[in-house]
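Shown next, in structure tokens, is the structure this report addresses.
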Amino acid sequence: MLATFLGLVAVDSPTGHEESIGRVLEERYRELGCTTTKDDIGNIVAVLPGTRAGTILVSTHMDTAGTDRGIVPIIGDDGIIRTDGSTILGADDKSGLAACLELLRLLKENPDWSFPTIEFVSTVGEERGLVGSRHLDVGRLAATHGFVLDTAGVMGSVTYWSPTSVYLTVTFHGRKAHAGVEPEKGVSAVRVAAQAIASMPLGRIDEETVANIGTVHGGEARNIIPDTVVLEGMARSHDQDKLDGQLAAMRTACEHAADANGATVNFVAEEIYQTYRIAEDALPYREAAAAIRSLGLEVSPRKSGGGTDGNYFNAKGIPCVALPTGMVDEHATSEHIAIDDMVLACQTLVAIVTQPVQEE
């Protein structure tokens, strides 16, 4: 499994550039007994026929966050894989992919094992807002439930609750003027945006709600009053009423700042993914929990502040829980993963697919 992981990390696959990793995965899936199909944006579905009734989904994504290429993993004496700190590692989600390939290898080597048909879905564009799973036609799938190998958290955790996420694009329109000669004729969109941001509730709003302004773009030159500024941000909450209230507060802050300065504002809120909550007595949770306990681990229910492809699978009628792969500090140059945790994630997956059938 370690060799597989290192091989996957060596294939550059920043979001939007998944062609090479897609070719590698299709080849590996077929070598290990799967039939594969690819949709028009590059999502791969690999199907391994089971030895008993039933079909489950195992979800991963093939893109990595950011633009890093040429990632060089370093295996420490402590059994932890890192980089030199100049790039991310890409354990998000190549550790999940490696677990799937290792599962397939083990199933091939143990023909007496009983397991259901498995649909491995490897998506593109997950890091850009779950693009692949949003686009995927689940009508192609037969799975009744599934498991997403794409979270951080302690080994043994089960992510059963994820928030709704909304992307914000806010455009302020002021009036351009010469900043040195006649600044009185201008309306600075930068100033309006700054006032709006200063009056917004941002950061950790409460236990279930967060909000952020992540980018600010605008202006032409230091001696021109800027007439346009664009803010990009997001808001998330596990509670729809709280999310609605947060979005209203952010919109009001923008409108008040614009009105006070003779500017205008266009506030666009786009829902990227919807919340889901899987009950402990639901089949995917029960199967994951039983597998975790069979390995001598404690089951740790986890409410996530982020999203996975599971948000879209749940929204489209395939209930899923998300499971950790061992990744830590994903999206950061300090990202790392312990070999033991990565192996444990694969053992959990093996236990899920080979355990006795549970009643729905």
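Find which of Gly132, Ser294, Gly305 sits farthest along the positive direction of the dipole of the chain, computed with +1 on the beta-carbon of Lys and Arg, -1 on that of Asp and Glu, about the Cα centre.
Gly132
Let me know the charge dipole size of segment 22-143 about its Cα centre in debye, to the nearest 20, where only the beta-carbon of Lys, Arg (+1) and Asp, Glu (-1) is charged. Please list the in-between numbers first.
Working: 13 positive and 19 negative charges, 69 e Å.
For segment 22-143, the charge dipole is close to 320 debye.
Note down the magnitude of the dipole of the chain about its Cα centre, charges +1 on Lys and Arg C-beta and -1 on Asp and Glu C-beta and zero elsewhere, to the nearest 20 debye.
Values: 28 positive and 50 negative charges, 90 e Å.
Dipole size: approximately 440 debye.
Specify whether the C-alpha gyration tensor of segment 166-224 places it in the rounded, prolate or oblate class, a ≥ b ≥ c being the square roots of the eigenvalues: rounded for a/c under 1.5, otherwise prolate if a/b is larger than b/c and oblate if not.
Details: a/c = 3.62, a/b = 2.87, b/c = 1.26.
Prolate shape, in that a/c is at least 1.5 and a/b is the bigger ratio.
Could you let me know the centre-to-centre spacing of segment 203-271 and segment 2-66, using Cα atoms, in angstrom?
Here the answer is 37 Å between Cα centres.
What are the semi-axes of the equivalent ellipsoid for the chain, taken as the square roots of 5 times the Cα gyration tensor eigenvalues, largest first, in whole Å? Display every interim value, and only then the final one.
Numbers: eigenvalues 374, 99, 64 Å².
One finds semi-axes of 43, 22, 18 Å for the chain.
Please state the shape class of segment 1-104: rounded when a/c is under 1.5, otherwise prolate if a/b exceeds b/c and oblate if not, all from the C-alpha gyration tensor.
Details: a/c = 2.51, a/b = 1.54, b/c = 1.63.
It comes out oblate by the Cα gyration axes.
Can you give me the accessible area per residue for segment 219-349, using a 1.4 Å probe, in Å²? Display every interim value, and only then the final one.
Values: 5860 Å² over 131 residues.
Averaged over the residues of segment 219-349, the accessible area is 45 Å².
I need to check one value: relative contact order of the chain, counting alpha carbon pairs closer than 8 Å and at least 6 residues apart, in percent.
Relative contact order comes out at 24 percent.
Quickly rank 55-61, 222-228 as a protection proxy: mean count of other C-beta atoms within 10 Å, highest first. The partial results should precede the final answer.
Values: 55-61: 25.4, 222-228: 16.4.
Ranked by mean Cβ neighbours within 10 Å, highest first: 55-61, 222-228.
Highest mean first, what order results for 162-169, 122-129, 104-111 on Cβ atoms within 10 Å? Spell out each step's value before the answer.
Values: 162-169: 21.2, 122-129: 23.5, 104-111: 14.2.
In descending order of packing, they fall as 122-129, 162-169, 104-111.
With the full set of protein chains in place, find how many percent of the accessible area of the chain is carbon and sulfur; take the probe as 1.4 Å. All intermediate terms of the calculation are to be shown ahead of the outcome.
On the way: 7770 of 15510 Å².
Heavy-atom surface of the chain belonging to carbon and sulfur, 1.4 Å probe: 50 percent.
Along the charge dipole of the chain, pointing to its positive end and built from +1/-1 on Cβ of Lys, Arg, Asp and Glu, which listed residue (Ser13, Ala221, Ile80) has its Cα farthest out?
My answer, from the dipole projection, is Ala221.
Once phi is turned into ³J(HN,Hα) by the Karplus curve 6.51 cos²θ - 1.76 cosθ + 1.60 with θ = phi - 60°, what whole-Hz value does each residue of segment 268-277 show in order, with x for glycine and proline?
10, 10, 10, 6, 8, 8, 9, 5, 9, 9
Hydropathy first: keep DSSP H helices in the chain averaging at least 0.0 on Kyte-Doolittle, then drop any whose Cα extent along the axis falls short of 20 Å, and list what survives. Mind showing how you got there, number by number?
Values: long enough: 91-109 (27 Å, 0.17); 240-261 (32 Å, -0.65); 339-354 (23 Å, 1.58).
In the chain, the long hydrophobic H runs are 91-109, 339-354.
Counting only heavy atoms of protein chains, what accessible area per residue, in Å², does segment 62-176 have with a probe of 1.4 Å?
Details: 4050 Å² over 115 residues.
With the other protein chains kept in place, segment 62-176 gives 35 Å² per residue.
The values are calculated or read from the model by the stated rules, or taken from the named source; none is laboratory data. As the structure is a computational prediction, the values presented were derived from the model and not from experiment. Here Cβ is always computed from backbone atoms with ideal geometry, including for glycine, and neighbour counts include all displayed protein chains. Ligands, DNA and RNA are stripped out before the accessible areas are found, and what is left, the full protein with its side chains, is counted by its heavy atoms. Shrake-Rupley method; radii C 1.70, N 1.55, O 1.52, S 1.80 Å.
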